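So the structure is just underneath, and the comments pick up after that.
The values are calculated or read from the model by the stated rules, or taken from the named source; none is laboratory data. Worth saying up front: this structure is predicted, and the values here are computed from it rather than measured. Using ideal geometry, Cβ is built from the backbone for each residue, glycine included, and neighbour counts are taken over all protein chains shown.
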Amino acid sequence: MKKIRASILSIIILAVLSGLLSAPAFAQQERPLYLNPEAPIHERVEDLLSRMTLEEKIGQMSQLDISQINTTGIQADVVLDPEKARNLIVNHHVGSFINGEAVPPQQWYEYMAGLTRIAVEESRLGIPIIYGIDHVHGASYMAETTIFPQPINLGATFNTAHSYNMGWVTALEMADVGHHWNFAPTLDVGVNQIWGRLYETFGEDPLLVSQMGVAYLDGFHNNADIAPYRLASNAKHFIAYSDPVSGWDKTPVSLGMQEICEIHLPPFQAAIDAGLMTIMGNSSEVNGEPVHASHFFLTEMLRNQLGFEGVVLTDWDEVGKLVGFHRTARDYKEATYQAVTAGIDVSMTPLTLQFNDALLELVQEGRISEERIDESVRRVLRLKFEIGLFENPFPRSDRLDRIGSEESRLKSLEAARESIVLLKNEDEVLPLRNPARIVLAGPSANSKRNLAGGWTLAWQGGREEQYPERMHTIYSALQAAFPDAQLELMEALPENREQLMGQLAGADVIIYAGGEEPYAEFLGNITDLNLPQEQKDDIRHLAASGIPLVTVLVQGRPRLITDVLGHMDALIHAGLPGFEGAEAIADVLSGRVNPSGRLPFTYPAFAGHMLNYNHKPSDIFFFHPDSQHPFEEPNPGTHLFTFGEGLSYTSFSYSDLRVSADEVSAGGSLTASVTVTNTGDVAGSRPLLWFLSNTYATIPRPVRELKHFERVHLEPGASQTLEFEIRPEEVLWYPDGNCERVFEAGTFLVRVGTLKESFEFRP
Ligand code: BGC
């Protein structure tokens, strides 16, 4: 008896603390099971579900945009209109909201507190809302936060610690203001170099994307400093979104199933195995099926084959797009039928209640069963219970000073530094040695927004004046790095050649910072991957001076530079290095940091021929000088730089590549080892990439595949021996077109740099 009273007391104390008793519907004595934090989650889910009306259930399956509940109807205005919110939550039972733009944390806190109060205190059952947002490289939709390099740069570090840090810091900076659900990580594999979302990926290799994604989830899910909060992650965009035939965003994908299984599926499988909670669908059609209407992709593959038990969220207005875009449905109701029967749980509607109305009618007409609705609602409620929303629905403002801390900024800076890729350095023009006079030109020379790219402060990036004052541009970072040099910023090149030469005369070096301006999604669609003509002209004109020319490309994808590469003495691919990016670039230019990034994608030479590094032997069969041995030389010669390329201010050599045995069988293992030596004069780091080539197989195998990577740091003259444990169950199989594992006897090559050793696999 005493025990029971004690536990009732503790429940009441807990409830008072969490503010739940202010929910009007429940007096203390009739506190329902679902509000009991001690009860098992599945019992709480069933209890709550049993109390819900059909309309309330459907509400949990819908997600609306912030524009529908703020005062102006504009996404950027994070000012709650309580009446609009009340109508959607209390009368229409909407269970989730999304989006917004970068306002200060305190404003977000107030917004989320107001919104939560309506859901928890005024709705019949007090179900908290779950708020989703695209904090994709740091809490990027909030002011004053830590903005990391974009994922493509993290890929270039080949260092999963940075991805872990990005997940960890993002969780730290979003949890307290009441953002519960982050639409990250992006697990699309960046195989299509013209696609405008390449920079949101970790690169073109499935292993790299998988490991970066899992590290992100680890940091994001396991940040103990956000207690008592927990957060939901979201991997996107399932599946094969990243390889549209036209290169344009959200356009049709046509891929063999074997390729989908081999290239696009592994990161999602790895994330599911690592406890991923939610997944967002791919907006495109894949092999003739819009993914959001595909039972095959969303249920057979995702649930039955990959074993995903979490929430499937649509991308933006994907139900509506089945009508207006894919045109597989004549009207919204038919589209709703298609998407729900395919397997979605939550529809990002996001501007109307059409989904709720259509789904209600479909159930009332008996076309969709209430059991089917229950399946999805169970998943949504489970998610809300799992992240503790019922216990801790309200944001808090007492720890907001942790946002944008120096400690977090340094994590971002470290990631940016390791992500800078030096691709050319003729006559060791870099690092710059005490230059007396530097001329800096190009559209990214004095821009903050270009460094961070899209999805930063706002969808398409913010306005220049919105970026933090303390953030450097390349110009200000160079001023700090070379305080004694005369640094001249050339905003635009004079048209007159003589005038240009006059202005350049006497400079020790010219730095040209070009590339791209921010873009996101289809606004990044281009028809020509070439670097814009004006920039190529600038490069030619500057090079004509004969003064050493260093080009820094701030870009989300590899803009083609084949015809101007010869004019550059040095080339740095800076990618989109984020808020600390300018400092990282200046550190590399000055030599304070020895560059160690390696390309996470293949840099094509021509728009007419683009391959990934892990292409098939037959991709170059007729092209290769010795087509009998396609595995000998992985480079087909139509790219400028291959995946994994990147120079340093020191040199590294690889030697003594060995395998511990000539053959390995199923269940066994074999150790490959190699010695890396820093043969230059300065300390340096290098990501070591281990590739395997499977030389004969029933399904043609790629010329090489990344199977393991790690970073090594070496002082000048120092060596280290590194090992790669080859276990057949991990690395010697490949998937067939049903995503089933194929183990075949064969001869494998293990390779590091230009070294290779062979061994036999006998399953
Ligand atoms: C994008 C998603 C994003 C969503 C919500 C969509 O258009 O494709 O990546 O998470 O919008 O902003």
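Residues in segment 91-102: is at least one within 20 Å of R396 (Cβ to Cβ), charged (D, E, K, R) and touching a residue at least 60 places away in the same chain (Cβ under 8 Å)?
No.
Just checking, how many residues over segment 521-531 are within 16 Å of the ligand (Cβ to nearest atom) and part of a loop (DSSP other than H, G, I, E, B)?
Going through segment 521-531 one residue at a time, the tally reaches 1.
Kindly establish whether A416 is closer than 24 Å to Q479 by Cα, among the small types (G, A, S) and surrounded by fewer than 20 Cβ atoms within 10 Å (Cβ to Cβ).
Here the answer is no, as A416 does not meet what is asked.
For P82, work out the one condition from (1) surrounded by 19 or more Cβ atoms within 10 Å (Cβ to Cβ); (2) over 30 Å from V340 (Cα atoms); (3) over 30 Å from the mean Cα position of the chain (by Cα) it doesn't fulfil.
Only one criterion in (1) surrounded by 19 or more Cβ atoms within 10 Å (Cβ to Cβ); (2) over 30 Å from V340 (Cα atoms); (3) over 30 Å from the mean Cα position of the chain (by Cα) is unmet by P82, namely (1).
Kindly provide the set of residues from segment 418-450 that are basic (K, R) and closer than 27 Å to Q460 by Cβ, ordered by number.
Correct list: K448, R449.
Looking at (1) modelled with pLDDT of 95 or more; (2) over 30 Å from G717 (Cα atoms); (3) among the basic types (K, R), which is the one condition that is false for K616?
It fails just one condition, (1).
Pick from segment 493-520 the residues that are part of a helix (DSSP H, G or I) and surrounded by fewer than 19 Cβ atoms within 10 Å (Cβ to Cβ): which of them is nearest to the ligand (Cβ to nearest atom)?
Q503
Looking at segment 458-474, I want the residues that are in contact (Cβ under 8 Å) with a residue 24 or more places away in the chain and have a partner that is of a type in the set (S, T, Y) with Cβ atoms under 7 Å, at least 6 apart or on another chain. Which pairs are those?
Q460/Y519; G462/T456; T473/S447; I474/S444
I need every pair where a residue in segment 413-433 that is under 11 Å from M568 (Cβ atoms) has its Cβ under 6 Å from the Cβ of a residue that is not in a strand (DSSP E or B), sequence separation at least 6 or different chains.
Pairs found: E426/D569; V429/P548; V429/D569.
Given the options L255, L208, L217, name the one that is assigned by TED's automatic domain parsing to the domain that holds L298, more than 16 Å from the ligand (Cβ to nearest atom) and either touching a Ser or Thr at 6+ places or on another chain (Cβ under 6 Å) or modelled with pLDDT under 95 (or both).
After applying the criteria, what remains is L217.
For segment 204-224, does any single residue satisfy the condition of being touching a Lys or Arg at 6+ places or on another chain (Cβ under 8 Å), within 19 Å of W168 (Cα to Cα) and of a type outside the set (F, W, Y)?
Yes, that holds for at least one residue.
Could you go through segment 365-386 and let me know if any residue there is within 16 Å of the ligand (Cβ to nearest atom), farther than 24 Å from T170 by Cβ and either assigned to a loop (DSSP other than H, G, I, E, B) or in the same structural domain as L35 (by TED's automatic domain parsing) (or both).
Checked against the condition, which is being within 16 Å of the ligand (Cβ to nearest atom), farther than 24 Å from T170 by Cβ and either assigned to a loop (DSSP other than H, G, I, E, B) or in the same structural domain as L35 (by TED's automatic domain parsing) (or both), segment 365-386 yields no hits at all.
In segment 265-279, which residue that is on the phi < 0 side of the Ramachandran plot and surrounded by fewer than 24 Cβ atoms within 10 Å (Cβ to Cβ) is farthest from the ligand (Cβ to nearest atom)?
D273
Would you call E55 on the phi < 0 side of the Ramachandran plot, in contact (Cβ under 8 Å) with a residue 40 or more places away in the chain and more than 32 Å from the chain's Cα centre (by Cα)?
Considered against the rule, which asks whether it is on the phi < 0 side of the Ramachandran plot, in contact (Cβ under 8 Å) with a residue 40 or more places away in the chain and more than 32 Å from the chain's Cα centre (by Cα), E55 comes out as yes.
I'm trying to understand the selection: among the residues of segment 521-531, which are buried (at least 16 other Cβ atoms within 10 Å of the Cβ) and among the polar types (S, T, N, Q)?
N525, N530
How many residues are crowded, with 23+ Cβ neighbours inside 10 Å and away from the ligand (no atom under 13 Å from the Cβ) if we restrict to segment 302-320?
Selection size over segment 302-320: 6.
Quick one: in segment 212-230, which of the residues that are of a type in the set (A, V, I, L, M) and more than 17 Å from E309 (Cα to Cα) is surrounded by the fewest Cβ atoms within 10 Å (Cβ to Cβ)?
Top of the filtered list is A224.
S242 - would you say it is within 15 Å of the ligand (Cβ to nearest atom), crowded, with 22+ Cβ neighbours inside 10 Å, over 29 Å from K384 (Cα atoms) and within 15 Å of the chain's Cα centre (by Cα)?
It is true that S242 is within 15 Å of the ligand (Cβ to nearest atom), crowded, with 22+ Cβ neighbours inside 10 Å, over 29 Å from K384 (Cα atoms) and within 15 Å of the chain's Cα centre (by Cα).
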